[in-house]
Structure formats: C-alpha cells, structure tokens
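What follows is a set of notes on a single structure, which appears directly below.
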Amino acid sequence: MAKEIYTRTNQKIFFAGIALDNWRKAEASSAFNVQALVQAEREAALFHLYGGLLGLCHEIAGYYRMNDAAPSRVEAFVQQAVLEGAPSPELAELVELAQQRETWLAELLAAYAALFQPPREERKAKVDPSMPLITAVSVGEEPVELSFDDVDAWRQQLKALVLRFREGLSEC
C-alpha cells in the first residue's frame with residue numbers, strides 16, 4: 001500500500017462502509033444477540049468515521065505544512081486558535097461545521113465522544129406513596145440512539161467533503 005496521507009482517510013471511509021453493511025445484516029439477523037451485534041457495528045462505524053475525519057485533518061495539515069501536521073484528535077484540530085495560526089478555507093469550513101451543534105460534523109463528534117461515557121442508569125419517576133393519584137414525570141434528557149440512516153448520511157457527507165477538499169488541495 002502507498003504511504004500517502006490520503007490512503008488512511010480512504011481506508012477509514014471504506015471500513016465505515018463495511019461496518020454499516022454489517023450493521024444492516026445484524027439488524028436483519030435472527031440471532032439471540034442482535035442488540036449486541038448492532039451496537040458493535042454502530043460503534044465500529046463511528047470509530048472509522050472519526051478516523052476518516054482525522055485522516056482528512058492530517059491531509060489538510062500536511063498540504064498546508066502546518067506546525068502540528070499530525071493532530072491526534074479532531075477536536076484539537078478544529079479550533080479557532082488553530083485556524084488563526086494557519087488559515088485555510090478547508091480548515092475554516094471544518095471549524096464552522098464543528099462549532100454549529102446541528103451540523104453532521106458536530107453530531108458525529110458528539111456521538112464519538114459519547115462512546116467513552118460510562119453507561120447511565122435509566123431515570124425512574126419518584127413515587128410518593130402517600131399520593132397514589134399523582135405521577136411524577138421525568139423531563140431529563142433521554143439518550144437518543146443513533147439510527148443507521150444518520151450514520152450512513154454522515155459517511156456520505158464525509159465522502160463528499162473529502163472529494164471536494166481534494167479538488168482544492170491538488171496542485172495542478
């Protein structure tokens with residue numbers, strides 16, 4: 001395999017596709033451990049998408065010969081301070097996408113970070129035995145499980161972003 005920076009990005013996007021295919025197969029399976037299989041493939045897809053995004057950051061840093069040409073975390077790279085130190089249109093777009101919570105990139109980063117959080121107990125309504133007719137309702141945030149379509153859309157968005165950035169990064 002070539003030792004070019006872009007090969008790692010390509011690998012990670014490809015591996016995310018394999019994990020998504022396996023996720024779809026796991027959902028259709030009749031195995032007794034379907035939930036575990038789906039969770040494993042969901043996590044694998046997130047892991048590889050994050051790695052693909054990190055690979056894209058490496059490509060940008062390498063192309064512009066930034067001081068930190070090999071960031072170890074995407075979150076450390078898509079900061080305003082990094083952009084001010086080494087401005088580039090690609091990095092500016094990544095920073096903007098990462099800072100807006102409703103974008104696919106911010107959602108991907110949040111989902112990846114959630115992989116490292118400990119499991120939480122389900123919230124239970126407090127029951128007062130002296131008042132049986134009144135039921136307490138929890139208004140806390142319930143964790144939203146990622147759907148296959150969301151993760152697949154993130155993969156497509158990342159692929160499109162990589163291709164668009166590479167057109168601008170290539171020296172003619």
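Determine, yes or no, whether A36 is of a type outside the set (S, T, Y), closer than 24 Å to D152 by Cβ and in a loop (DSSP other than H, G, I, E, B).
no
Restrict the check to the stretch 14-24 and report whether at least one residue is of a type in the set (S, T, N, Q) and in a loop (DSSP other than H, G, I, E, B).
Taking every residue of the stretch 14-24 in turn, none turns out to be of a type in the set (S, T, N, Q) and in a loop (DSSP other than H, G, I, E, B).
Kindly indicate which of R101, R120 is under 30 Å from D21 (Cα atoms), charged (D, E, K, R) and modelled with pLDDT under 90.
R120
How many residues does the stretch 145-171 hold that are in contact (Cβ under 8 Å) with a residue 60 or more places away in the chain and in a helix (DSSP H, G or I)?
The number of residues fulfilling the criteria is 13.
Looking only at the stretch 67-86, filter to residues that are at pLDDT 90 or above, in a loop (DSSP other than H, G, I, E, B) and not polar (S, T, N, Q); which one of those is surrounded by the most Cβ atoms within 10 Å (Cβ to Cβ)?
V78
Against the definition (in a helix (DSSP H, G or I), over 20 Å from L158 (Cβ atoms) and among the polar types (S, T, N, Q)), how does Q11 come out, yes or no?
Numbers: in a helix (DSSP H, G or I): yes; over 20 Å from L158 (Cβ atoms): no; among the polar types (S, T, N, Q): yes.
Spelling it out, it is not the case that Q11 is in a helix (DSSP H, G or I), over 20 Å from L158 (Cβ atoms) and among the polar types (S, T, N, Q).
Does any residue in the stretch 58-77 that is within 17 Å of K3 (Cα to Cα) and without any contact (Cβ under 8 Å) to a residue 12 or more places away in the chain come within less than 7 Å, Cβ to Cβ, of a residue that is surrounded by fewer than 18 Cβ atoms within 10 Å (Cβ to Cβ) and not charged (D, E, K, R) six or more places away or on a different chain, and which pairs are these?
Listed pairs, sorted by first residue: A69/G62.
Would the stretch 3-18 turn up any residue that is closer than 21 Å to A111 by Cβ, among the aromatic types (F, W, Y), touching a residue at least 24 places away in the same chain (Cβ under 8 Å) and crowded, with 20+ Cβ neighbours inside 10 Å?
No; the residues of the stretch 3-18 include none that is closer than 21 Å to A111 by Cβ, among the aromatic types (F, W, Y), touching a residue at least 24 places away in the same chain (Cβ under 8 Å) and crowded, with 20+ Cβ neighbours inside 10 Å.
The values are calculated or read from the model by the stated rules, or taken from the named source; none is laboratory data. Since this is a predicted model, take the numbers as computed values, not measurements. Every residue, glycine as well, gets a Cβ built from its backbone with ideal geometry; the counts of neighbours run over all protein chains shown.
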